[in-house]
Amino acid sequence: MPYVTTDDGVKLAYEETGSGTPVVFVHEFAGDMTSWEPQLRTFGMRYRAIAYNARGYPPSDVPPTPASYSQDRARLDILAILDGLGIDKAHIVGLSMGGFATLHFGIHHADRALSITVAGCGYGAEPDKRAQFKAEANATADLIQNAGIESFADTYSLGPTRVQFQNKNRRGWQEFRDQLATHSALGSANTMRGVQAERPSLFDLKGAMAGITTPTLVLTGDEDWPCLLPGLLMKEAIPSAALVVMANCGHTINIEEPDEFNRIVADFITHVDAGRWPMRDPRAMSKSILGVQK
C-alpha cells in the first residue's frame, strides 16, 4: 500500500488507477477509500483517479488524540496528497465530511483545484442546528468508544439518511455497513470529536464562499434533509456553483446511485476541462421576480 506523509508526520494510504488529468476523491465519515470503488473504476478509464484514507482510517495512521484532527487538517491532508503525488492541480470530489474538506480546499487552495465537487455537505450547518449537531457528534464518539465499532456500525448505518440505500439495495448497503464495522474505533471517535463536532457552520462562511471562482458542483440527494438548505446556501453564495439534486436519494449517493453520480460528475468535469463552465451572470441575482420594476 503506498503512502504520502503530511507536514505533521501522519502517513495517508492511497490508491490510484488510470492516467491523465487527476481526480481526487475524498471520503465521508462512514466511508474510506474503498467506498469510492465505483468511481475509481469509471473515472480511471479516462483520468488519473485517486482515493485515500483520511487520518484515523487504517491503513492510514491513527493519531491518538482529537487534537490531531480538525477541519483545517482535513483540507491540508488533501494538499498533502497532491504534493506527495507531484500533482499541481486536480479535480477534487468530496462527499459529506469529504465534501466539507473539499469546500475548505476550494476556499484556501483555489490555485490547486481544477474544480471542486461538494456532495452531501451540510450536516449541522444551519444556525439553529449547531448545538444539536455538536451534541450528537460527541454522543456518537461516546457510542463508538463505549459500545465498540461493530455495535456503532449497526446504529449508524441505519440513520435517517442511510435507510434509502438499504431499501434500494440491501446487498450494497450490507457491504457499506460491514466496511464501516472494520474502521478504527479510536480513529472514528477522534474524527467525530476533532473534525465533525468542531467544524464551522457553512452559514459563517458565506463571505469566503463568495470568493470562490473555481468551477463548483454542489450535489445532494433529495432525502438528505440536513444537506438541502445548505446546498441552496452554497448555490447562492458561490458564483461559480451549480446545484444538482438526485431524486429519491439519501446521503450515500456515490454508492447508492453510482451510475447517476458518475454521470453528473463526469459531465461537470468534461465542461470544466473544455473551458465551458460559466460564472453566474450577476443579472440572475436581481431582487425582481419578473424583471419588471414597479
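The modelled label-to-label distance between residue 17 and residue 213, using points 7 Å beyond Cα along the C-beta direction, is 3.7 nm.
Farthest towards the positive end of the charge dipole of the chain, among the residues 277, 248, 140, is the Cα of 277, using unit charges on the Cβ of Lys, Arg, Asp and Glu. Would you work out if segment 67-216 is rounded, prolate or oblate? Take a ≥ b ≥ c from the square roots of the eigenvalues of the alpha-carbon gyration tensor; rounded if a/c is under 1.5, else prolate when a/b is larger than b/c, oblate otherwise. Prolate shape, in that a/c is at least 1.5 and a/b is the bigger ratio.
Taking 0.36 nm per residue of separation and subtracting the current Cα-Cα distance, fully stretching the chain between residue 167 and residue 276 would add 35.5 nm. Candidate membrane-span-like segments in the chain, meaning DSSP H helices with Cα atoms spread over at least 18 Å of their own axis and a Kyte-Doolittle mean of -0.5 or above, are 71-84, 130-147, 225-237, 258-273, with no membrane implied. Once the gyration tensor of the Cα atoms in segment 29-97 is diagonalised, the equivalent ellipsoid follows with semi-axes of 22, 15, 10 Å, ordered largest first.
Note on the chain: with charges restricted to the Cβ of Lys and Arg (+1) and Asp and Glu (-1), its dipole about the Cα centre is near 780 debye.
Charges at C-beta only: +1 for Lys and Arg, -1 for Asp and Glu. How large is the resulting dipole of segment 86-219 about its Cα centre, in Debye rounded to 20? Write down the numbers at each step before the final one.
Working: 13 positive and 12 negative charges, 53 e Å.
For this selection, approximately 260 debye.
Using Cα pairs under 8 angstrom and six or more residues apart, how large is the relative contact order of segment 117-213, in percent? It comes to 43 percent, rounded to a whole number. If the Kirkwood radius is taken over C-alpha pairs of segment 3-279, then at 37 °C and 0.692 mPa s the Stokes-Einstein diffusion coefficient equals 179 µm²/s.
Projecting the Cα atoms of 117, 13, 192 onto the charge dipole of the chain (Cβ charges, centred on the Cα centre) puts 117 farthest toward the positive pole.
Computing FRET efficiency as 1/(1 + (r/R0)^6) for residue 88 and residue 65, where r is the C-beta to C-beta distance and R0 is 25 Å, gives about 0.15. Once you have a ≥ b ≥ c as the square roots of the Cα gyration tensor eigenvalues for segment 1-128, tell me rounded if a/c is under 1.5, and otherwise prolate or oblate according to whether a/b is larger than b/c. Here segment 1-128 falls in the rounded category.
Values quoted throughout were computed directly from the atomic coordinates according to the rules given, and no laboratory measurement underlies them. In this text, all values refer to a predicted model and were calculated from it rather than measured experimentally. Note: ideal-geometry Cβ built from the backbone for every residue, glycine included; neighbour counts use all protein chains shown.
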